[in-house]
Amino acid sequence: MTPRLITPPAALAVSMDAARRAARAPGNALDAEIADKVQGIIEEAEHKTGRAFITQTWVVTLDRFEEAIKLPNAPLASVDHIKFYDVAGVQQTLDPQDYVVNTGAEPGSVRPAPGLMWPATQLQREGAVEVQYVCGFGATDAAVPAAIKRYILGMLENDYYPNPNAQYLGSLLDRAMVY
């Protein structure tokens, strides 16, 4: 299975106001820098968790149909289409009534509708099956769970914009423990 991002998220998983506060950056002079760092944290967190935080579109290709096609980047919102190359090598699009999308599972999946089987695909064709789908919690940071936002903002603050007073107090505490 080869996943590929088709439409990236249109927003960050945290608001710029929250990111500015975490970075202790007054005004918007550092917005581009902060947004870049936040995007890096989001990408790493999405990779580690196997989730998509903001709505995005992906496509996976397979060499043949599997009993249940598990789609990475939970939560699965919908399937746009399933295309395949039939035994004659002609690309076809499955009717949505011919498959069932399970958005409640993690990862989400697609199976043939009850009583049906996947159609035959062209033998020995790489990428014979294509599933395009939408995943993510929602279109804006308002849909992202609070725990994810806290993680992103905490990483931004601790890794990129640490509080100098907190570091100083921490080093004082470290020295106090030595004596």
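The values are calculated or read from the model by the stated rules, or taken from the named source; none is laboratory data. In this text the structure is predicted, and so the values were computed from the model without any measurement. Glycine also receives a Cβ, built like all others from the backbone with ideal geometry; neighbour counts cover every protein chain displayed. Areas reflect the complete protein model, heavy atoms only, side chains present, ligands, DNA and RNA absent. Shrake-Rupley method; radii C 1.70, N 1.55, O 1.52, S 1.80 Å.
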Would region 171-179 turn up any residue that is exposed (fewer than 10 other Cβ atoms within 10 Å of the Cβ), in a loop (DSSP other than H, G, I, E, B) and either modelled with pLDDT of 95 or more or out of contact with any helix residue (DSSP H, G or I) (no Cβ under 6 Å at 6 or more places or on another chain) (or both)?
yes
Of the residues that sit in region 43-63 and are open to solvent by 10 Å² or more (accessible area, probe 1.4 Å) and among the β-branched types (Val, Ile, Thr), which one is nearest to residue 120 (Cα to Cα)?
61
Give me the pairs: first residue in region 3-26 and under 28 Å from residue 69 (Cβ atoms) and acidic (Asp, Glu), second residue at pLDDT 95 or above and assigned to a loop (DSSP other than H, G, I, E, B), beta-carbon distance under 9 Å, and six or more apart or on different chains, which are they?
none
Only one of (1) modelled with pLDDT under 95; (2) open to solvent by less than 60 Å² (accessible area, probe 1.4 Å) is not met by residue 160, so which one is it?
(2)
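Residue under question is residue 66, and the condition is that it be acidic (Asp, Glu), assigned to a helix (DSSP H, G or I) and surrounded by 14 or more Cβ atoms within 10 Å (Cβ to Cβ); does it hold?
no
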Output the residues belonging to region 133-157 that are open to solvent by 40 Å² or more (accessible area, probe 1.4 Å), touching a Ser or Thr at 6+ places or on another chain (Cβ under 9 Å) and outside any loop (DSSP other than H, G, I, E, B).
141, 142, 143, 149
Can you tell me which residues in region 95-117 are more than 30 Å from residue 47 (Cα to Cα) and in a loop (DSSP other than H, G, I, E, B)?
95, 113, 114, 115, 116, 117
Being in contact with a helix residue (DSSP H, G or I) (Cβ under 7 Å, 6 or more places away or on another chain) and open to solvent by 20 Å² or more (accessible area, probe 1.4 Å) narrows it down to one of 16, 1, so name that one.
16
What's the number of the condition residue 91 fails, among (1) surrounded by 13 or more Cβ atoms within 10 Å (Cβ to Cβ); (2) modelled with pLDDT of 90 or more?
(1)
